[in-house]
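K.L.:
This is the structure I want to talk about, given as structure tokens.
No value in this document is a laboratory result; all are computed from the given coordinates. Bear in mind the structure is a predicted one, so any value in this text is a computation, not a measurement. Glycine gets a Cβ as well: all are built from the backbone with ideal geometry, and neighbour counts include every protein chain shown.
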Amino acid sequence: MDQKLKYFLYSQNSLNTFKSCPLKFKYKYIDNINWRFDSIESRDYYEGLKSGSEFHLLCERYFKNIPIGENISEEFKLWIEKIKDIIYIDESKIYLPEYEVRIKIGENYLTAKYDLVIIDKDSIEIWDWKTESQNSSYKNIENRMQTIVYMYLAKEVIQKIYNLNIDTENISMKYFRLKIDNYPITVKYNKEKHLKSKYIIESFINNISNLDFDGYIQKNKKEVLGRIRKLYKKRKNVRRYYCAFYVKQVRICYILCTVIKIRKLLYKKALYVEKRREM
């Protein structure tokens, strides 16, 4: 195990990064290399995150009964009204905005930060605000690492903190895509899903802890980079097939190869011109 992972604090983001690309996980979480602004797409993505964070702050103030103020955008006002129409404030329930929990798994911890948790005497609702316009199927949402981690920790941690004995079937997660939906998408939970989530989470953490990252990368990089070069030559959208970090590596390699080819051609041309002059 890499020593930097010995007491690593896992989250749905880090597990999902490893799932999509172990190389990206290594550079981001072990080597602390950040490439937020290496392309127009990533800049747009992080600008969207900034806007989303601002809206989450407004929601936190609302559910803590703190005035949200008047100097907010029309879009944010519309989203807040959508939430007010869906979630009726009931004083018998507990509302936990921007609520963070963690659990120990082996030598590591797994953490989750919820946009909102609503606790009733016999149920737990997890709410997640989505401010981007991305559309996803129910199956995709149900199988997200975020869904797996958040619902697992709700059962394992939240109900214990509040000394509750809530049936697994009474835990749900609601994704509210505020730009495109008027009602949330609800994911139900059960005992079978809970056992499966436990297995998935522990398997990922064990795989990360036991993986020789340098050996894995050297073993797989040549093969993957070769495939990406072929996609570049066919002028296909490489980002549909591989993560941005691989793409960036190949882009640099591709440019260098092109420069070398051009220099060789110029050198040959110069030799040809020189021979013509001698004749």
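K.L.:
Please give the contour-minus-distance gain from Ile68 to Ile105: 0.36 nm per residue of separation, less the Cα-Cα distance, rounded to one decimal in nm.
P.N.:
Numbers: separation 37, 0.36 × 37 = 13.32 nm, distance 3.80 nm.
Gain on stretching Ile68 to Ile105: 9.5 nm.
K.L.:
Using mean Cβ contacts within 10 Å as the protection proxy, how do 145-157, 82-94 order, highest first?
P.N.:
On the way: 145-157: 21.5, 82-94: 12.2.
Top to bottom by mean Cβ count within 10 Å: 145-157, 82-94.
K.L.:
What nm distance separates the two modelled labels at Ile161 and Asn32, each placed 7 Å from Cα along Cα→Cβ?
P.N.:
2.8
K.L.:
Another one. Using the beta-carbon distance between Tyr7 and Ser53 and R0 = 30 Å, what value does 1/(1 + (r/R0)^6) give for FRET efficiency, to the nearest 0.05? Walk me through the numbers on the way to the answer.
P.N.:
Working: r = 27 Å, r/R0 = 0.90.
Given R0 = 30 Å and the Cβ-Cβ separation, E is 0.65.
K.L.:
Count the DSSP beta bridges whose two residues both fall in the range 3-211, then state the antiparallel fraction as a percent rounded to the nearest 5.
P.N.:
Details: 20 of 29 bridges.
For the range 3-211, the DSSP antiparallel bridge percentage is about 70.
K.L.:
Also: Across the range 38-186, how large is the tail of the calculated P(r) beyond 22 Å, expressed as a percent of all Cα pairs?
P.N.:
45
K.L.:
Further question on the same structure: Would you mind checking the range 91-118 for residues with the amide N under 14 Å from a putative spin-label position 7 Å along Cα→C-beta of Lys198?
P.N.:
Within reach of a label on Lys198, which here means backbone N under 14 Å from a point 7 Å along Cα→Cβ, the range 91-118 contributes 104-106.
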